[in-house]
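Trainee: Below: one structure in structure tokens.
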Amino acid sequence: MKALTSVGIDCQHFINGQYRESLSKKTFENINPANEDILGSVAEGGKEDIDLAVSSARRALKGRWKTMPVTERSKILRKVGDLILERKEELAQLESLDTGKPIWLSRSVDIPRAAYNFHFFADYMTSVGTEAYQHDDLAMNYAVRKPVGVVGLINPWNLPLLLLTWKLAPCLAAGNTAVMKPAEWTPMTATVLAEICKEAGIPDGVVNVVHGFGPNSAGAALTEHPDVDAITFTGETTTGTAIMKAAAPTLKKLSYELGGKNPNIIFADSDIDEVLDTTIKSSFINQGQVCLCGSRIYVERPAYDEFIEKFKARAEKLVVGDPFDENTNTGAMIGKEHYERVLSFIELAKEEGGNIIVGGKRPEGFEKGYYLEPTMITGLDRNARCIREEIFGPVVTVTPFDLEDEVIAQVNDSEYGLSATIWTNDLRRAHRVADSVEAGIIWVNTWFLRDLRTPFGGLKQSGIGREGGMHSFDFYSELKNVCIKY
């Protein structure tokens, strides 16, 4: 399964420690978003394949994985992280082929963070404890942590390996077994990860992968399956709603990290050049296809004109192009359907009275592939759809504000509440605004700086539950209380 530049792999399911085709023999094509070439064929899973994977995971839940000492399981998870790093170049190339993101981004962020997810939870799991309570002189209560069972992991396409390992590592650390359904647009690194898990010593059946689509297919079968105990999902809010309905009859545990329309609030007392260094990244990295991107930019009026001028100049210097060109800043978007949706928002912005200050079109010289220039829009009303709806592309809106209360009201007037960034050198203001903004993650004078022990998740329609450190263990385990009478 070694990858070469611009060469993909065929992707089969991985069930009970073996690669296998779909029981239906169906496949679909994996398309390179950078040039629209076919990267390979992918097994198209359905209900029968999910049944097989869930049965495998259920059997493995009662096997050696259940009784394995914590220290041994920790060593295996650390080995998974080590093997990811050993195959870093191969995985980085596959990730860029699948997603269209620049190869330097896959090498510097996606693959190293995927390895670190396993290393972090391999260490963290050895220190996890539970509480004990003395009930006067009558009894002692103590809690025992048990695996939740078979967990379905449904993964998005924007950061495929990074986000898959962010779920799989704590799932395995807590002693569960897993059935993973990667996004159909990005199947390759998940396919290789299954092989890595087996090589690291994870017993057969503990980690399973079924490729395929969502509604009326593999995804739906996984969320509805009576022998799946929990579902963790990262993706857009509409799909999250459908999963909740499908999981309701069997009362599965659910963990969601959903959409975001994240504000980036810039006060005039900030160092604008410092702000711009980060805001260019938080606006356009990964083609703006990151749930945490700050796509709603609010600038205090005294700094507004300077910000617009300098942001435009920096955006125009970003190189849009071949993901495997080391000079590329912005690669290709994920696929035709999504690309056309983002373009439709740009046209909508014009209809809504917006001004396209920079970008807004396909760059010259790229007739094939899903490329879009980094785009900045001004002049939109706070109720414009481009300000209220998640676009999920290299598109930001910029709005001036005069008063702190005014911008907080605009920021919170949203159905989303995933993250927010605040730029100010006023310490009291930083605390005050951070406390007032309705979002699960607040960054002050930074962005995307993550300590994996901290709670990660959103408010409103941006998610349910939290991930990270003990918060992940709380989802992937059940607590049993034991009361001993003296």
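The values are calculated or read from the model by the stated rules, or taken from the named source; none is laboratory data. What you see is a predicted model; the values in this text were computed from it and never measured. Methodologically, a virtual Cβ is constructed for each residue, glycine included, from the backbone with ideal geometry; neighbour enumeration extends over all protein chains shown. These accessible areas exclude ligands, DNA and RNA; they are computed on the full protein's heavy atoms, side chains included. Shrake-Rupley method; radii C 1.70, N 1.55, O 1.52, S 1.80 Å.
Trainee: Any chance the range 222-241 includes a residue that's out of contact with any strand residue (DSSP E or B) (no Cβ under 8 Å at 6 or more places or on another chain), within 23 Å of Ile111 (Cα to Cα), in a helix (DSSP H, G or I) and not aliphatic (A, V, I, L, M)?
Mentor: no
Trainee: Could you go through the range 397-405 and let me know if any residue there is assigned to a loop (DSSP other than H, G, I, E, B), acidic (Asp, Glu), on the phi < 0 side of the Ramachandran plot and out of contact with any Cys (no Cβ under 8 Å at 6 or more places or on another chain).
Mentor: Of the residues in the range 397-405, the ones assigned to a loop (DSSP other than H, G, I, E, B) are 402-403.
Cutting the leftovers down to acidic (Asp, Glu) gives us 402.
Applying the additional criterion that residues be on the phi < 0 side of the Ramachandran plot yields 402.
Filter once more, so that each one left must be out of contact with any Cys (no Cβ under 8 Å at 6 or more places or on another chain): 402.
Yes, because at least one residue in the range 397-405 is assigned to a loop (DSSP other than H, G, I, E, B), acidic (Asp, Glu), on the phi < 0 side of the Ramachandran plot and out of contact with any Cys (no Cβ under 8 Å at 6 or more places or on another chain).
Trainee: Could you check the range 81-136 and list, in sequence order, the residues that are farther than 25 Å from Gly335 by Cβ, without any contact (Cβ under 8 Å) to a residue 60 or more places away in the chain and touching an Asp or Glu at 6+ places or on another chain (Cβ under 9 Å)?
Mentor: Across the range 81-136, the qualifying residues are Ala115, Phe118, His119.
Trainee: Could you identify the single residue in Ala246, Ala173 that is open to solvent by 20 Å² or more (accessible area, probe 1.4 Å) and either farther than 18 Å from Gly46 by Cβ or modelled with pLDDT under 95 (or both)? First the steps, then the outcome.
Mentor: Working: Ala173 fails: open to solvent by 20 Å² or more (accessible area, probe 1.4 Å).
Going through Ala246, Ala173 in turn, just one is open to solvent by 20 Å² or more (accessible area, probe 1.4 Å) and either farther than 18 Å from Gly46 by Cβ or modelled with pLDDT under 95 (or both): Ala246.
Trainee: Tell me whether the range 456-471 contains one or more residues that are of a type in the set (A, V, I, L, M, F, W, C) and open to solvent by less than 10 Å² (accessible area, probe 1.4 Å). It would help to see each step written out before you state the result.
Mentor: Start the filter on the range 456-471 by keeping residues that are of a type in the set (A, V, I, L, M, F, W, C), which leaves 456, 459, 464, 470.
Now narrow it down to the ones that are open to solvent by less than 10 Å² (accessible area, probe 1.4 Å): none.
There is no residue in the range 456-471 that is of a type in the set (A, V, I, L, M, F, W, C) and open to solvent by less than 10 Å² (accessible area, probe 1.4 Å).
Trainee: Quick test of your reading of the structure: Tyr304 fulfils all but one of (1) in a helix (DSSP H, G or I); (2) of a type outside the set (A, V, I, L, M, F, W, C); (3) open to solvent by less than 10 Å² (accessible area, probe 1.4 Å); (4) closer than 25 Å to Phe401 by Cβ. Name the failing condition by number.
Mentor: (3)
Trainee: Just the residues that are under 30 Å from Asp405 (Cβ atoms) and free of Cβ contacts under 8 Å to residues at least 12 places away in the same chain, please, taken from the range 307-334.
Mentor: Glu309
Trainee: Can you tell me how many residues in the range 169-187 are in contact with a strand residue (DSSP E or B) (Cβ under 6 Å, 6 or more places away or on another chain) and not β-branched (Val, Ile, Thr)? It would help to see each step written out before you state the result.
Mentor: The first filter runs over the range 169-187 and keeps only residues in contact with a strand residue (DSSP E or B) (Cβ under 6 Å, 6 or more places away or on another chain), leaving 171, 174-181, 187.
Remaining after also requiring not β-branched (Val, Ile, Thr): 171, 174-176, 178, 180-181, 187.
The total comes to 8.
Trainee: Quick check on my filter: what residues within the range 418-462 are free of Cβ contacts under 8 Å to residues at least 60 places away in the same chain, of a type outside the set (Phe, Trp, Tyr) and part of a strand (DSSP E or B)?
Mentor: Ile442, Val444, Leu459, Lys460
Trainee: Under 8 Å between Cβ atoms, which residue pairs at least 6 apart in sequence (or on different chains) link something in the range 474-486 that is under 11 Å from Pro147 (Cβ atoms) with a partner that is assigned to a helix (DSSP H, G or I) and at pLDDT 95 or above?
Mentor: Listed by first residue and then by second, the contacts come to Tyr476/Pro170; Tyr476/Cys171; Tyr476/Ala173.
Trainee: Also, quick follow-up: Looking at the range 168-186 only, could you name the residues that are assigned to a loop (DSSP other than H, G, I, E, B) and over 18 Å from the mean Cα position of the chain (by Cα)? Give the steps one after another, and end with the answer.
Mentor: Filtering the range 168-186 for residues assigned to a loop (DSSP other than H, G, I, E, B) gives 174-176, 182-186.
Once the filter is applied, which keeps residues that are assigned to a loop (DSSP other than H, G, I, E, B) and over 18 Å from the mean Cα position of the chain (by Cα), the range 168-186 yields Ala174, Gly175, Asn176.
Trainee: Contact list please: Cβ distance under 7 Å, first residue in the range 24-45 and within 23 Å of Ala220 (Cα to Cα), second residue open to solvent by less than 40 Å² (accessible area, probe 1.4 Å) and among the hydroxyl-bearing types (Ser, Thr, Tyr), pairs at least six apart or on different chains.
Mentor: These pairs meet every condition: Ala43/Ser22; Glu44/Ser22; Gly45/Ser22.
For (1) within 22 Å of the chain's Cα centre (by Cα); (2) modelled with pLDDT of 95 or more, each residue gets a yes or a no:
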{"position": "Met188", "(1), (2)": "yes, yes"}
{"position": "Ala218", "(1), (2)": "yes, yes"}
{"position": "Pro226", "(1), (2)": "no, yes"}
{"position": "Ile231", "(1), (2)": "yes, yes"}
{"position": "Ala242", "(1), (2)": "yes, no"}
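Trainee: Output the number of residues of the range 193-217 satisfying the condition of being crowded, with 24+ Cβ neighbours inside 10 Å and farther than 28 Å from His471 by Cβ.
Mentor: 2
Trainee: From the list Glu95, Glu72, Glu89, Glu48, which residue is surrounded by fewer than 19 Cβ atoms within 10 Å (Cβ to Cβ) and within 22 Å of the chain's Cα centre (by Cα)?
Mentor: Details: Glu95 fails: surrounded by fewer than 19 Cβ atoms within 10 Å (Cβ to Cβ); Glu72 fails: within 22 Å of the chain's Cα centre (by Cα); Glu48 fails: within 22 Å of the chain's Cα centre (by Cα).
Exactly one of Glu95, Glu72, Glu89, Glu48 is surrounded by fewer than 19 Cβ atoms within 10 Å (Cβ to Cβ) and within 22 Å of the chain's Cα centre (by Cα), namely Glu89.
Trainee: Name the residues in the range 21-45 that are part of a strand (DSSP E or B) and open to solvent by 50 Å² or more (accessible area, probe 1.4 Å), would you? Walk me through it before giving the result.
Mentor: Within the range 21-45, the subset part of a strand (DSSP E or B) is 27-31, 38-43.
Once the filter is applied, which keeps residues that are part of a strand (DSSP E or B) and open to solvent by 50 Å² or more (accessible area, probe 1.4 Å), the range 21-45 yields Thr27, Glu29, Ile31, Ile38.
Trainee: If we keep just the residues of the range 327-353 that are within 21 Å of Trp157 (Cα to Cα) and of a type in the set (D, E, K, R), which is most open to solvent (accessible area, probe 1.4 Å)? Give the derivation first.
Mentor: Residues of the range 327-353 that are within 21 Å of Trp157 (Cα to Cα), as a first pass: 328-345.
Subsequent filtering for residues that are of a type in the set (D, E, K, R) retains 336-337, 340-341.
Numbers: Lys336: 119, Glu337: 135, Glu340: 101, Arg341: 95 Å².
Only one residue tops the list, namely Glu337.
Trainee: Please count how many residues of the range 401-431 are of a type in the set (A, V, I, L, M), surrounded by fewer than 22 Cβ atoms within 10 Å (Cβ to Cβ) and closer than 21 Å to Tyr304 by Cβ.
Mentor: Of the range 401-431, the ones of a type in the set (A, V, I, L, M) are 403, 407-409, 411, 418, 420, 422, 427, 430.
Next, from what is left, pick out any that are surrounded by fewer than 22 Cβ atoms within 10 Å (Cβ to Cβ): 403, 408-409, 427, 430.
Narrowing the set further to residues that are closer than 21 Å to Tyr304 by Cβ leaves 403, 408-409, 430.
Final tally of qualifying residues: 4.
Trainee: I need a count of the residues in the range 360-391 that are small (Gly, Ala, Ser) and farther than 20 Å from Asn264 by Cα. Give the steps one after another, and end with the answer.
Mentor: In the first step, residues of the range 360-391 are kept if they are small (Gly, Ala, Ser); the result is 360, 365, 369, 379, 384.
Remaining after also requiring farther than 20 Å from Asn264 by Cα: 360, 365, 369.
The number of residues fulfilling the criteria is 3.
Trainee: Also, I was wondering about something else. Across the range 115-167, what is the total count of residues that are out of contact with any strand residue (DSSP E or B) (no Cβ under 9 Å at 6 or more places or on another chain), loosely packed, with under 13 Cβ neighbours inside 10 Å and in a loop (DSSP other than H, G, I, E, B)?
Mentor: Number of matching residues: 2.
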